[in-house]
Every structure is written in C-alpha cells, then in structure tokens.
Protein chains: 2
Amino acid sequence: MPRQVDHVGRRRLIAEAVCHLADERGLEGVTLRDVAARAQVSMGAVQRCFRTKEEMLVFALGHISERIMERVQARLVRSPAQSAGTALGHAATEISLLRMEHRAEARVWLAFVAQAAVSKVLARTLKANYATLQEALTRLISEAGEGSDHTPPLDPQREARALLALADGLTTHVLIGHLTPQEAHNVLHAHLAGLWE
Amino acid sequence: MPRQVDHVGRRRLIAEAVCHLADERGLEGVTLRDVAARAQVSMGAVQRCFRTKEEMLVFALGHISERIMERVQARLVRSPAQSAGTALGHAATEISLLRMEHRAEARVWLAFVAQAAVSKVLARTLKANYATLQEALTRLISEAGEGSDHTPPLDPQREARALLALADGLTTHVLIGHLTPQEAHNVLHAHLAGLWE
DNA sequence: TCGGTTCCGATGCAAGCGCATCGGTACGGG
DNA sequence: CCCGTACCGATGCGCTTGCATCGGAACCGA
C-alpha cells in the first residue's frame with residue numbers, strides 16, 4: 001500500500017480555501033484554479049478530492065455549518081450556570097455571527113443561502129441546519145418559559161422561528177452596512193427581553 | 001435627427017429580463033447573451049443601453065427596488081381607514097414578499113443582497129432602500145403607538161429595525177424551504193401582535 | 001534494492017464569457 | 001426624393017471556466 005494522503009484533512013483544507021475566497025469575492029468568484037492556489041495544492045489534487053465543483057461547494061457549506069453549529073454548542077455548555085434565558089441570548093448572539101471576527105463566516109453563509117435559492121442540493125443541506133438550530137432554540141425557549149414566574153401564552157416553536165429569522169435578518173443587514181453590529185445587538189436583545197414580558 | 005428609440009423603456013425591458021433570469025438560475029447565471037435573448041433584443045442593443053454588465057445589474061436592482069417600494073406605498077394608501085397598527089401589518093407583509101406571485105422578486109432580491117456583500121456599488125443602492133423602508137416603518141410604529149391606549153416604552157426606530165430584519169429573515173427562510181409562507185405569516189403577525197402587548 | 005501501486009501536477013480542450021467593432025439599415029430634415 | 005445620421009445585429013477576439021488526460025514522482029512491502 002503505497003503513498004497515502006490524508007484525504008479528510010485535505011478536503012477540510014480546500015473547504016477553508018473556498019470560504020476565504022467566497023468571503024473576499026463572493027461565491028461566484030470561486031474557481032477551481034483559485035481554490036487550488038489558495039489551498040496551496042494543485043488543481044489536480046482538488047479534482048481528486050471532489051469529482052465536481054458542486055460537490056466541493058456542498059462540502060464547504062457542510063464544513064462551515066459544522067463550525068457554526070459547534071460554536072453555538074460550545075457557547076451553550078460554557079455558560080450552564082445561568083438561566084435558560086441567558087443561554088438563549090448567548091445562542092442567538094452566536095447564530096447571528098455579529099462578532100467582527102466571524103464576519104467572514106457570515107458572508108460565506110449569505111452567499112450559500114442565496115445560491116441555495118436556486119440549487120436544490122445546497123438547499124437541502126441548509127434546511128437540515130436550520131431545522132437543527134430551530135429545534136435547539138425551541139427547547140431553550142420552552143425551558144426558559146418554565147423557569148419564568150410569568151407564564152405568557154408563548155408558542156415556543158413560533159418564537160424559535162421568529163428568533164432565527166430575526167438573527168439571520170440582522171446578520172444580513174449588518175453585512176450590507178445597513179446596521180452596525182452594535183445596533184443589531186441592541187435589537188436582538190430587546191427582542192429577547194420582550195419575550196419574558 | 002433620424003430614428004430615435006425609447007431608451008428608458010428599453011432599459012426597463014432589459015431589467016425585467018434580468019430579473020426573470022436571476023429568478024430562474026440565480027444572479028451568476030445572468031449573461032449578456034441570455035438577457036438579450038430573453039428581452040427579445042440583440043446583444044448590441046443591450047450593450048448600447050448599458051456600457052457594462054455591472055451597470056446593467058445596478059439598474060436592474062434599482063428597478064425592482066422601485067417596484068417593491070411602490071407596492072408597499074400602494075398598500076399603505078389603499079388601506080387608510082383602519083388603524084396604524086393594521087397598516088403596519090400590511091406594510092410588513094408586503095415587504096416580506098410572502099405572496100407566491102412575488103416569489104420571483106424575493107429571489108432576485110436575495111441574489112442582489114448576497115452580491116452586495118462584496119460589491120460596493122450594489123450595497124449603496126440597497127442601503128438607501130433599507131433606510132427608506134426603515135424610516136417608513138418607524139413612522140408607522142410611532143403613529144400606532146400614539147393611538148394605542150397602552151404606552152409601553154417602545155423605541156420606534158429599534159422596533160422598525162427588528163421588523164425589517166424579521167421580514168427579511170422570514171423571506172429568506174421561505175425561499176430556501178425552511179418555512180412555509182403560512183408559517184412565516186403566522187410568525188410575522190404574532191410578532192406584530194406582541195408589539196401592542 | 002526494487003517493483004508495483006497510488007497519487008499528483010502540468011497541460012489540453014471545448015465551451016462560454018464580457019466586450020469591441022463595423023457594415024448595413026431605417027428613418028427624418030432639406 | 002435622397003442623403004446624412006443614429007442605430008443595431010452579427011461577428012470576432014482574448015480570456016477564463018470546469019473538466020479530462022497522462023507521464024512521472026513518491027512511497028511501502030518484500
């Protein structure tokens with residue numbers, strides 16, 4: 001068994017390159033040659049890892065979805081001591097990718113979302129991710145609702161959908177410069193505060 | 001002064017073609033040749049109307065922005081008899097482009113938003129539109145707040161930002177199939193109902 | 001040492017892109 | 001009537017794209 005390379009690692013490396021390029025020039029500025037150059041591998045290597053460009057993009061989308069999801073998860077387990085309401089705030093903040101250091105991820109995410117509107121296979125991946133996030137938010141809202149003294153007739157699933165859509169919308173508006181990150185943060189937390197009265 | 005053609009009309013015609021193509025295949029599937037074919041004019045005519053492809057895209061974005069804005073405006077003046085709160089609901093519904101017949105506009109809008117994240121000139125056009133919409137929503141929220149018996153400590157501008165972001169996020173989620181239009185509609189109106197307690 | 005297997009990087013290819021060019025066409029003033 | 005001008009459609013060019021190909025390098029077991 002001769003030379004073996006770390007295919008999984010290489011795929012991740014290439015996915016990172018795709019994200020960097022999509023951040024800089026948009027998804028349509030991503031070409032096989034540029035990806036290869038950015039990842040410091042040859043074009044042949046890229047084509048060996050992914051049979052087609054679309055396969056590469058789908059993998060890249062899965063890659064960054066995974067990263068974002070992991071960060072949300074990590075944020076949740078890092079702050080278990082406080083209330084479910086606080087945890088919800090942290091999760092929402094992470095999801096909206098408001099921190100400057102995640103601006104790149106946000107841009108890539110937006111590029112993929114736009115592409116998903118016309119690409120069935122990308123849409124499937126995205127839908128799965130949104131479903132997972134919505135489920136997690138629904139659970140958090142339910143828990144926070146139980147802990148609260150106030151018991152308003154909240155529909156946790158509906159509130160989760162609203163929160164997810166709000167977070168996405170705010171991210172978008174920050175990206176195109178309509179809102180500052182600070183303004184978006186304020187809007188988000190005012191909304192959360194409104195949930196418990 | 002020989003033969004004169006209606007340049008403005010032709011530009012609009014081409015813009016419509018751009019929108020149709022962007023709806024079907026995404027913004028990066030829009031090529032000069034296809035636009036010309038769809039608009040039933042020659043490529044030369046397209047190039048005469050717009051010096052460059054980017055100029056054409058910017059004009060197309062302005063065109064659909066105008067249409068959406070007009071529809072919101074029309075919806076507002078069509079229902080003056082009811083309360084400001086109702087008007088707000090109508091405006092928000094229009095903005096989120098939830099009706100199936102406006103799905104195409106929504107997709108085009110999303111494509112432009114994604115592109116604007118990396119294109120400065122597109123971003124400027126978009127920002128101007130969002131600013132106008134936000135202003136209108138702020139005014140409506142203020143009026144509705146005055147008319148209400150309840151006077152909660154609402155920040156009209158912040159609520160307008162939230163509403164705009166929520167509408168955009170919902171539109172996006174409907175487009176990629178995460179939510180049905182009905183679900184999005186429910187979320188939107190639940191949010192609006194929550195504003196007046 | 002060496003044979004065999006696995007991989008990869010350079011190159012080729014057809015198609016499609018945006019853009020520039022130009023001869024023909026149709027119109028309107030004199 | 002007819003000429004000059006404003007317009008347009010077809011065509012060409014240079015370039016880039018995604019994808020296919022293949023000779024040789026790299027590596028491990030014997």
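Considering each of B:ARG51, B:ARG3 in turn, give the residue that is within 16 Å of DNA strand D (Cβ to nearest atom), outside any helix (DSSP H, G or I) and at pLDDT below 90.
B:ARG3
Could you check how many residues of segment A:167-197 are open to solvent by less than 50 Å² (accessible area, probe 1.4 Å) and more than 23 Å from B:LEU122 (Cα to Cα)?
Result for segment A:167-197: 7.
Do you know which residues across segment A:6-48 are assigned to a loop (DSSP other than H, G, I, E, B), surrounded by fewer than 18 Cβ atoms within 10 Å (Cβ to Cβ) and near DNA strand D (Cβ under 7 Å from one of its atoms)?
A:THR31 - this is the single residue of segment A:6-48 that is assigned to a loop (DSSP other than H, G, I, E, B), surrounded by fewer than 18 Cβ atoms within 10 Å (Cβ to Cβ) and near DNA strand D (Cβ under 7 Å from one of its atoms).
Residues checked against (1) within 16 Å of DNA strand C (Cβ to nearest atom); (2) in contact with a helix residue (DSSP H, G or I) (Cβ under 8 Å, 6 or more places away or on another chain):
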{"position": "B:VAL58", "(1), (2)": "yes, yes"}
{"position": "B:ARG71", "(1), (2)": "no, yes"}
{"position": "B:ALA74", "(1), (2)": "no, no"}
{"position": "B:ALA84", "(1), (2)": "no, yes"}
{"position": "B:SER96", "(1), (2)": "no, yes"}
{"position": "B:LEU122", "(1), (2)": "yes, yes"}
{"position": "B:THR125", "(1), (2)": "no, yes"}
{"position": "B:ALA131", "(1), (2)": "no, no"}
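Pairs only if they're at least six apart or on different chains, beta carbon under 8 angstrom, first in segment B:34-47 and closer than 14 Å to B:VAL18 by Cβ, second acidic (Asp, Glu) and surrounded by 14 or more Cβ atoms within 10 Å (Cβ to Cβ); list them, first residue then second.
Pairs that qualify, where the first residue is closer than 14 Å to B:VAL18 by Cβ and the partner is acidic (Asp, Glu) and surrounded by 14 or more Cβ atoms within 10 Å (Cβ to Cβ), are B:ALA39/B:GLU16.
Name every residue in segment B:49-69 that is surrounded by fewer than 17 Cβ atoms within 10 Å (Cβ to Cβ) and among the β-branched types (Val, Ile, Thr), in order of residue number.
B:THR52
Go through B:ARG107, B:ARG124 for me and flag whichever is open to solvent by 20 Å² or more (accessible area, probe 1.4 Å), without any contact (Cβ under 8 Å) to a residue 12 or more places away in the chain, at the interface with chain A (Cβ under 10 Å from one of its Cβ atoms) and among the basic types (Lys, Arg).
Answer to the check: B:ARG124.
Would you please name the residue that is least open to solvent (accessible area, probe 1.4 Å), looking only at residues in segment A:154-163 that are facing chain B (nearest Cβ under 7 Å) and either of a type outside the set (Lys, Arg) or more than 19 Å from the chain's Cα centre (by Cα) (or both)?
Once the filter is applied, the top-ranked residue is A:ALA162.
Restricting segment B:70-104 to residues that are away from chain A (no Cβ under 14 Å) and in contact with a Ser or Thr (Cβ under 7 Å, 6 or more places away or on another chain), which is nearest to B:ASP23 (Cα to Cα)?
Step by step, filter segment B:70-104, then rank; the result is B:HIS90.
With (1) within 14 Å of chain B (Cβ to nearest Cβ); (2) buried (at least 19 other Cβ atoms within 10 Å of the Cβ); (3) farther than 17 Å from A:LEU166 by Cα as the list, and A:ILE141 as the residue in question, which single condition is left unmet?
Looking at each condition in turn, A:ILE141 falls short on (3).
The values are calculated or read from the model by the stated rules, or taken from the named source; none is laboratory data. Source: prediction; values computed, not measured. Heads up, the Cβs are rebuilt from the backbone with ideal geometry, glycines too, and the neighbour counts pull from every protein chain shown. What goes into the accessible areas is simple: the full protein's heavy atoms, side chains included, and nothing from ligands, DNA or RNA. Shrake-Rupley method; radii C 1.70, N 1.55, O 1.52, S 1.80 Å.
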